[in-house]
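The values are calculated or read from the model by the stated rules, or taken from the named source; none is laboratory data. Keep in mind it's a predicted model, so treat the numbers as computed, not measured. Here the Cβ is made from the backbone with ideal geometry for all residues, glycine too, and neighbour counts use every protein chain on show. Protein only, heavy atoms only, side chains kept; ligands, DNA and RNA dropped before computing areas. Shrake-Rupley method; radii C 1.70, N 1.55, O 1.52, S 1.80 Å.
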Amino acid sequence: MEQKSNVQYRAEKEYKNSREKFFLLLREIISNSIHAVLIRQNKETNFIPQLDLNITFDENQCKIELRDNGEGFTEKNRLYFEELDKKNLEKEQFNFHPLGQGRLAIVYFTDSSEYETVYKDKDGTYQKRTIPYPNTSDGLFNFDEFVEEMPEIKDTYTKLTAYLNKQNTLGRAKTFFYKYPNSKAFKQWFIETFFHSL
């Protein structure tokens, strides 16, 4: 399992000198959600991919909520997440070229984050876990620390909630949205950034 200190070091090395700032966080987390729903779509008939992105500001913070109805943190997906350099073979089959950068972007650009996920365990039973990221322990995360619970919703999903409330992180978000002051401008950025790369 990746150690938290190693993850933080790699995140800073990857992003500290990047010219683009907040854009990179959005690009990475949205790409991961798109990949998740496309992988599930390939496995299930009559599946309708869904992504819901909600970004809100108040005087003191920016809150990002991103939810997708992919498979969630299954046992296999957890293994990919726990080790930054472990190749995600499912993503590679789709030529998504996963690099593990989304996890590093979350560490570097946000002040706190949390994953809520519903997935099927090896017996096909729906399970739910809520996981702070990065975990406060030494490991990137140790899933055994977060108890499974029975979810009310019988479908898989992952919801990432990220908070930016320090001067630097909040400033990056405000600078980005100064360029896209309304939903139409943001949607155009989204289409140009993501759908042209799929």
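The number of residues in segment 133-152 being modelled with pLDDT of 80 or more, within 15 Å of F73 (Cα to Cα) and exposed (fewer than 13 other Cβ atoms within 10 Å of the Cβ) comes to 2. Residues in segment 108-126 that are more than 21 Å from E28 (Cα to Cα) and open to solvent by 20 Å² or more (accessible area, probe 1.4 Å): K120, D121, K122, D123, G124, T125, Y126.
Remark: pairs (first residue in segment 63-76, closer than 13 Å to R40 by Cβ; second residue surrounded by fewer than 19 Cβ atoms within 10 Å (Cβ to Cβ) and hydrophobic (A, V, I, L, M, F, W, C); Cβ separation under 6 Å; 6+ apart in sequence or on different chains) = D68/L51.
Residue check: L38 meets all listed conditions (1) assigned to a helix (DSSP H, G or I); (2) more than 23 Å from E192 (Cα to Cα) but one, namely (2). What about N77, is it closer than 19 Å to Y115 by Cβ, touching a strand residue (DSSP E or B) at 6+ places or on another chain (Cβ under 8 Å) and at pLDDT below 85? When the stated conditions are applied, N77 passes them. Considering only segment 4-26, how many residues are open to solvent by less than 30 Å² (accessible area, probe 1.4 Å) and at pLDDT 75 or above? Total satisfying the criteria: 6. Restricting attention to segment 159-196 and to residues that are free of Cβ contacts under 8 Å to residues at least 40 places away in the same chain and not in a helix (DSSP H, G or I), the residue that is surrounded by the most Cβ atoms within 10 Å (Cβ to Cβ) turns out to be Y180.
Within segment 27-85, the set of residues being open to solvent by 30 Å² or more (accessible area, probe 1.4 Å), farther than 18 Å from I106 by Cα and in contact with a Phe, Trp or Tyr (Cβ under 7 Å, 6 or more places away or on another chain) comprises L38, Q41, E71. In segment 24-45, the residues that are hydroxyl-bearing (S, T, Y) form Cβ pairs under 6 Å with partners that are buried (at least 20 other Cβ atoms within 10 Å of the Cβ), at six or more places apart or across chains, as follows: S33/D68.
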